[in-house]
Amino acid sequence: MYPFPQSVTPAVRTHMDAQTAFVNDMSKSLFRSFQQMCELNIQLAQSMLEETTLASRHVLSVDRQSELLDAASARAQPATEKLRAYQQHVSRLATDAQVELARVTEQHVQNTTRTARAVVDEVARTSAEEAERGIRGQQEALRTMADPFTRADGAMHARGDGAAQPAQSLQQAGEQVAQQVGQQVAQASQQVRQAGATH
């Protein structure tokens, strides 16, 4: 729908599309209600202008003062009825607008919530993968630091000082630390997923 950079994931794109559709539908509903209200106001203004014109003509055409009061009171009744009808129409428009907004909200809430959960799950998964990569890198660095004389195939180079045993214990300690960090990261990512599922 929109051009996104490569860094935007499909879950984020789907959530943004859902949010955009929700806002667009809400805007359309509000604009339709506003348009209906404007049309109603225009109709009221036209009818009141017509009533005023008719009343002015009638008042100008009377000869006696008693007929003037009768003409003014005769024109007051239709104007009152038109104002009452206008108020009823306004309340009906307000009710229809509320129903339409509730319908649009209900229509989009489930999709928006689903896409938000997908974004949270993807963030948790990506964080866990990044943490695992970091742990692997740290483990490799600790292995390299623990025994710089170990070859790529795991065999030991000959060393004259007999320090292979302490280097292996240092390597084991580094692996234990890396495993503990990995477990903590896995627990944290699981908590993030659970928090995302509750929201």
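Just so you know, all these numbers are worked out from the coordinates, no wet-lab data involved. On a predicted model such as this, the values are computed, not experimentally measured, just so you know. Methodologically, a virtual Cβ is constructed for each residue, glycine included, from the backbone with ideal geometry; neighbour enumeration extends over all protein chains shown.
At a Förster radius of 41 Å, what calculated FRET efficiency corresponds to the Cβ-Cβ distance of T126 and Q88, to the nearest 0.05?
0.15
Gain in length, Q36 to R57, computed as 0.36 nm per residue apart minus the alpha-carbon separation, to one decimal in nm?
Length difference between fully extended and current span is 4.4 nm.
Once both labels are modelled 7 Å past Cα along the beta-carbon direction, what's the S27-R133 spacing in nm?
Distance between label points: 3.7 nm.
Want the number for Q43 to Q184: 0.36 nm per residue separation, take away the alpha-carbon distance, what's left?
Working: separation 141, 0.36 × 141 = 50.76 nm, distance 6.88 nm.
Residue separation times 0.36 nm, minus the Cα-Cα distance, leaves 43.9 nm.
Once a ≥ b ≥ c are taken as the square roots of the eigenvalues of the Cα gyration tensor of the range 16-116, is the result rounded (a/c under 1.5), prolate (a/b larger than b/c) or oblate (a/b not larger than b/c)?
The shape class here is prolate.
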